[in-house]
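One structure is given here, and the rest of the page talks about it.
The values are calculated or read from the model by the stated rules, or taken from the named source; none is laboratory data. Remember, predicted model here, so these are calculated numbers, not experimental data. All Cβ positions, glycine included, derive from the backbone under ideal geometry; neighbour counts span all protein chains shown. The protein model used for the area step is the full one, side chains on, heavy atoms only, and it has no ligands, DNA or RNA in it. Shrake-Rupley method; radii C 1.70, N 1.55, O 1.52, S 1.80 Å.
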Amino acid sequence: MTKPLVAIRSVSKNFGEFQALKSVSLDVWPGEVMCLIGASGSGKTTLLRCINQLAAIDSGGIWLDGELLGVREQGGRLHRLGEREIGRQRLKTGMVFQRFNLFPHKTALENITEGPTQVQGRKSDEVRAEALELLRRVGLAAKADSYPAQLSGGQQQRVAIARALAMKPMLMLFDEPTSALDPELVGEVLAVMKELAKSGMTMMVVTHELGFAREVADRVVYMDQGAIVEQGRASDVLGAPREERTKAFLSAVI
Amino acid sequence: MKPAPALAGGFPDLSGMRVAREPHWFRWFSAALIVLVLAAIARAFANGQIEWSYVSRFLTVKVILEGIVNTMVMAALAMALGIVLGIVVAIMRLSPNPVLKTVAAGYTWLFRGTPLILQLLLWFNLALVFPTIGIPGLWSARAVDVMTPFLAALLGLGINQGAYTSEVMRAGMLSVDIGQYEAAQAIGMGRLRALRRIVLPQAMRVVIPPLGNEFIGMVKATSLASVIQYPELLHNAENIYYANSRVIELLIVAGLWYLLVVSILTPLQMLLERRFARGTLRLAR
């Protein structure tokens, strides 16, 4: 029997008084493409950040590839992992940010090779060849030596996807990858993500692109006020929502 | 309603007419006034009690040249010490560890809060507190032998500079977007590696103009080391005028050298800025 790649159990996260996540439980299966939708403040981005440990959870547990994230159980207590261990766990996930967050002082190619050479300590000529192949895959082979400031938003985001893929993650996390883009640049980024989905990558995508969700997602999860309200096949959740809150959200968005 | 014509009539044709040059009377007047004032000042100095022949004679005398070399060596070394301390203290200040944070804040408070000349005198007179210094059982020496004017000036200037530089560095690191830390973490980097590889190179761009400022300040602050007998430019100029009583002439000599050094440093700073501006300009493709 296959096991979920990500198992989220009763995860809560507070920012001061604000409850960003209220006891969320969710499984993500290998090869699955999951789209998380919901209004801003619904907790979908926080959920991604908790999986990548950019935010530490307050209670519950997240298992990635069978390994408990961020803490170690010993003698009936949980102990926080050190920075080195957390860094090792992060290598299993790739993160794509809303605002790209490319390193502006490095070229497109250097952005991609930074992690494999500096963190994974791999040989630079081998990494370079792989990085050029990744750039070709996202359609930017000619932009290897361009700095981020010389690239359009769509091109930057495609480099950011290549940078995340260079670490050979098991899971790709996309945090509103097209929200900061001009409308005419959204398509090129979504095309790269579709190609990635087709190649069998497990993906969690926080998005407002319902067309993309309908076309590519195996499962759509609707979140509201820090909780999962409804989930299921894209055609069901987007086409025939059962919950009133889902209906209200969809009618407001479309 | 009739459809509007493409262009309404009644506006004169301005094509071919040029905009007349403005006379700028006030600019001419103020420039003339400034030239007059400068001429008056120059005349006053030319007729004053200054023997300009002494200035030109002592400008390149060996003791003065040695002084300027010592000034530059001390400024460079003390600034290097200050930058190293500044980076370390800024990183401590931004660390989540409350012990490191407090130590860093205390250091800045102490060395920024007391006059530099007082700190120099304290270092130089350390022997009054600790007659012998060293590592118990391994090595020891008399403090008066160790704490030479050179070492006292280096420690005094460098450690004081570190307190100021740490704030400049901290500002530079804070200017880097939080998303850069997160992107670095997301590819598995630890805090220190992210600082070294991602944050500090970007902070440098912001930090160089204020650091250039600080370095120019340092070149001149070395003159305070004259009070602890370090043979820098001002100290050597003073030694000459103690002997020949040409006080103003030698002070002018020293002043000209300080001006020259600072004038050379400014274009050097421009070169450094360009080096660290990589990727921030839309370069021609």
Legend entry - Distance between modelled label sites at A:Ala180 and B:Ile34, nm, 7 Å Cα→Cβ extension: 4.4
Inset, instruction - Specify the inter-centroid distance of the range A:1-34 and the range B:45-93, based on alpha-carbon positions, in whole Å. - result: 63
Inset, instruction - Mind computing the radius of gyration and Dmax over the alpha-carbon atoms of the protein assembly as shown? Å is fine for both. - result: 32.9, 107
Inset, instruction - Count, for each residue of B:169-180, the Cβ atoms from other chains sitting within 10 Å of its Cβ, then give me the mean as a whole number. - result: 1
Inset, instruction - Express the relative contact order of chain A as a whole percentage, based on alpha carbon pairs under 8 Å and six or more residues apart in sequence. - result: 25
Inset, instruction - Over all alpha-carbon pairs in the range A:99-168, figure out the percentage whose distance exceeds 14 Å. - result: 48
Inset, instruction - Report, in order of residue number, the helices in chain A meeting two criteria: a C-alpha extent of 15 Å or more along the helix axis, and a mean Kyte-Doolittle hydropathy of at least -0.5; treat each whole DSSP H run as one helix. - result: A:153-165, A:183-198
Inset, instruction - Give me the lysines in straight-line cross-link reach of A:Lys44: C-alpha distance below 28 Å, same-chain residues under 8 apart excluded. - result: A:Lys3, A:Lys13, A:Lys22, A:Lys92, A:Lys168, A:Lys194, A:Lys198, A:Lys247
Legend entry - Paramagnetic label zone (point 7 Å from Cα along Cα-to-C-beta, B:Asn97; backbone N under 17 Å) in the range B:161-196: B:190-196
Legend entry - Simple label model, 7 Å out from Cα along Cβ direction - A:Asp125 to B:Trp109, nm: 5.7
Inset, instruction - Determine, from the Cβ-Cβ distance of A:Ser152 and B:Arg27 and an R0 of 45 Å, the FRET efficiency 1/(1 + (r/R0)^6), rounded to the nearest 0.05. - result: 0.50
Inset, instruction - Name the long-range amide H neighbours of A:Ser146: under 5 Å, sequence gap of 5 or more, or other chain; modelled H, no Pro or chain starts. - result: A:Ala108, A:Leu109
Inset, instruction - Quantify how strongly other chains surround peptide A:102-112 by giving the mean number of their Cβ atoms within 10 Å of each of its Cβ atoms. - result: 4
Legend entry - chain B: DSSP helices with Cα axial extent of at least 27 Å and average Kyte-Doolittle hydropathy no lower than 0.5: B:25-47, B:62-93, B:149-175, B:200-221, B:247-276
Legend entry - the range B:15-161 - Debye-derived log10 I(q)/I(0), Cα point model, q = 0.12, 0.13, 0.14, 0.20 Å⁻¹: -0.82, -0.87, -0.92, -1.24
Inset, instruction - Could you compute the FRET efficiency for A:Leu68 and B:Leu118, with r as their C-beta to C-beta distance and R0 at 51 Å, rounded to 0.05? - result: 0.35
Legend entry - Distance histogram in 10 Å bins (all Cα pairs of chain B, percent per bin): 5, 18, 21, 19, 16, 9, 5, 3, 2, 1, 0
Inset, instruction - Using only the alpha-carbon atoms of chain A, report the extent along each of the three principal axes, biggest first, to the nearest angstrom. - result: 51, 50, 40
Inset, instruction - With an 8 Å cut-off on Cα pairs and a minimum separation of 6 or more residues, tell me the relative contact order of the range B:25-151 in percent. - result: 11
Inset, instruction - Let me have the 222 nm mean residue ellipticity of chain B computed from DSSP H runs of 4+ only, each contributing -39500 (n - 2.57), with the sum over all residues rounded to the nearest 500. - result: -23000 deg cm²/dmol
Legend entry - Carbon/sulfur fraction of accessible area - the range B:48-120, other protein chains in place, 1.4 Å, %: 73
Inset, instruction - Only Cα pairs under 8 Å and at least 6 apart count here; give the relative contact order of the range A:99-168 as a rounded whole percent. - result: 48
Inset, instruction - For a label point 7 Å from the Cα of B:Glu167 along Cα→C-beta, name the residues of the range B:93-131 whose backbone N is under 19 Å from it. - result: B:93-95, B:101-120
